[in-house]
Amino acid sequence: MKLIVLGINHKTAPVEIREKLSFSANEVIRANRSLRDTLSLSECLILSTCNRVEIYVVARDDCAGGIKRFLSKLRNIEISEFEKRLYIYEDSDAVKHLFRVAAGLDSMVIGEMEILGQVKIAYQDASESKTLGKLLNRLFQKTFNAAKKIRTETLITRGSVSVSSVTVRLSEKILGHLADKKVLVIGAGTIGEQLLRYLKKNGVKIIVVANRTYEKALVLADRFGATAIKFDDFPQDLIDADIVISSTGAPHTIIHKDDVLRLMPKRHQRPLFFIDLAVPRDIEAEVNKIDNVYLYNIDDLQKIVDENLSLRKNELDSCNEIIESAALHFKNWLVKESFTPLEMRLSPTEGEIR
Amino acid sequence: MCVNPSIDFILGCKSTYFLLHIIAIHISYLAFFSAFLSALLYLIQDNNLKNKKLNSMFSRLPDLSVLDRWNYISIGLGFPVLTLSIVGGLLWLKGIAGIYWVWNTRVIYSLVLWLLYAIILHVRLSAKMRGRKVAYLSILAFFIIVFSFFSACSSR
């Protein structure tokens, strides 16, 4: 009896291949059943996210070839197209791999939280498909435990690791709750858009967009339920803005220290957070020296992201320790149970065939 | 505490005004200590943000807005209580000495303190100053409290 995982992820395959092999949420349950029945597997589970497709099976013999053929037929794609991208792990290696995946150690952004939820959903789907048996059930329970342990006992999830999340975190540290804060966006480029989406998700309600081409400001404003204004009118909005995101293509700075100094009494010295995403920069660096004014440019933000990422990487050793010990426990359980899933899962029909 | 058990002092201690003065001054010092603490944390956090040092200290310290509010509320509570304490002290002085005013260090310190906190509240309320500068003033004022404590002890 073997535990096998076969899969592709963002490290081994480009998105063109991953999307061909991926399963949508509503077809996973059917696919689980069809996979089990086609290859007469003891247990199986499909995990499909935008960065990975993995198939966990418990089978009597080596069924990797069968799974490849199943995928090829189901997805109408030649085996040769994806075969080289596949990784296959067995037994202890498969256990450790799953532990790593669920804890976010195998993710594009190391330590990200989303993957654990996706693994849980895959587990629930498989449970609903009735393609789980004693081994995979126990394996996934232990996976959730190990992931939780890694999350609470190491610093792997600490610190923001994207420019957007770093910015939101900084905004909150400067301004407190963002719900009643006003954001002024100067320049309707795409760089600021992701950040804007993130700010909105974190409660920002009032957004004003200024752009040289007014129509572009309108388009962006429309998408975020914001107000568009003429470019020349933006200084007026600086008075009551709390967060200013600038990403114009201007060849020189458009906001200067003197302007902001004059602005502060009108703002009643309320704190002001400037985010300069433009290259060349839009905002004079000296602005950061004014009391209650904070200026971060794209390099500052990127540097914080890199620092946080390297902090997470430093935690990998302690994560691996937890994984090794959890994997060892699981192996001991397998031995103790002298695991023979076939007998345990023996249904009347299978019995007759034997 | 610097207790000097002179006859006057013991007599004075029985006065309600004296009691008011002593209780109020301790409450106000507590409030000003709280203002001092929040100001100190504000300066540390502000420094982290200005210099882009987002270490674990940065994560653990509260938001600037919280620290600023904490400082404002502390002084807002401490100032009226300090005023009460000074009024109590002057009335007590009148009771034992028959005058409202003597030029001793303790009285002068109280006056300076009262003025300083009045200024802090004024600039804060009128939005002339905020953040770092208010934090510096809160720290300075608290140092004067500590100073006045020692000088009061040594002058007795």
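The values are calculated or read from the model by the stated rules, or taken from the named source; none is laboratory data. Note that the structure is predicted; figures quoted are calculated from it, not measured. Note: ideal-geometry Cβ built from the backbone for every residue, glycine included; neighbour counts use all protein chains shown.
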Within the stretch A:158-176, which residues are within 7 Å of chain B (Cβ to nearest Cβ), without any contact (Cβ under 8 Å) to a residue 24 or more places away in the chain and more than 15 Å from residue A:270 (Cβ to Cβ)? A:173
Only unsatisfied item for residue A:150, checking (1) buried (at least 18 other Cβ atoms within 10 Å of the Cβ); (2) in a loop (DSSP other than H, G, I, E, B), is (2)
Residue B:138 - would you say it is polar (S, T, N, Q) and within 11 Å of the chain's Cα centre (by Cα)? yes
Can residue A:56 be described as under 26 Å from the mean Cα position of the chain (by Cα), assigned to a strand (DSSP E or B), surrounded by fewer than 21 Cβ atoms within 10 Å (Cβ to Cβ) and assigned by TED's automatic domain parsing to the domain that holds residue A:19? no
Looking only at the stretch A:269-312, which residues are of a type in the set (Asp, Glu) and within 8 Å of another protein chain (Cβ to nearest Cβ)? A:291, A:300, A:307
Can you confirm whether residue B:102 is more than 23 Å from residue A:294 (Cβ to Cβ), assigned to a loop (DSSP other than H, G, I, E, B) and either without any contact (Cβ under 8 Å) to a residue 40 or more places away in the chain or under 11 Å from the mean Cα position of the chain (by Cα) (or both)? yes
Residue, nearest to residue A:329 (Cα to Cα), within the stretch A:88-117, restricted to residues that are in contact with a strand residue (DSSP E or B) (Cβ under 8 Å, 6 or more places away or on another chain) and surrounded by fewer than 18 Cβ atoms within 10 Å (Cβ to Cβ): A:91
Conditions first: (1) under 23 Å from the mean Cα position of the chain (by Cα); (2) modelled with pLDDT of 90 or more. Residue A:184 passes all but one, so which condition is the exception? (1)
So is residue A:45 in contact (Cβ under 8 Å) with a residue 40 or more places away in the chain, in a strand (DSSP E or B) and either more than 19 Å from residue A:27 (Cα to Cα) or in contact with a strand residue (DSSP E or B) (Cβ under 7 Å, 6 or more places away or on another chain) (or both) or not? yes
Is there any pair linking a residue in the stretch B:51-73 that is at the interface with another protein chain (Cβ under 8 Å from one of its Cβ atoms) and within 22 Å of residue B:139 (Cα to Cα) to one that is among the charged types (D, E, K, R) and in a helix (DSSP H, G or I), with Cβ under 6 Å and at least six apart or on different chains, and which? B:63/A:173
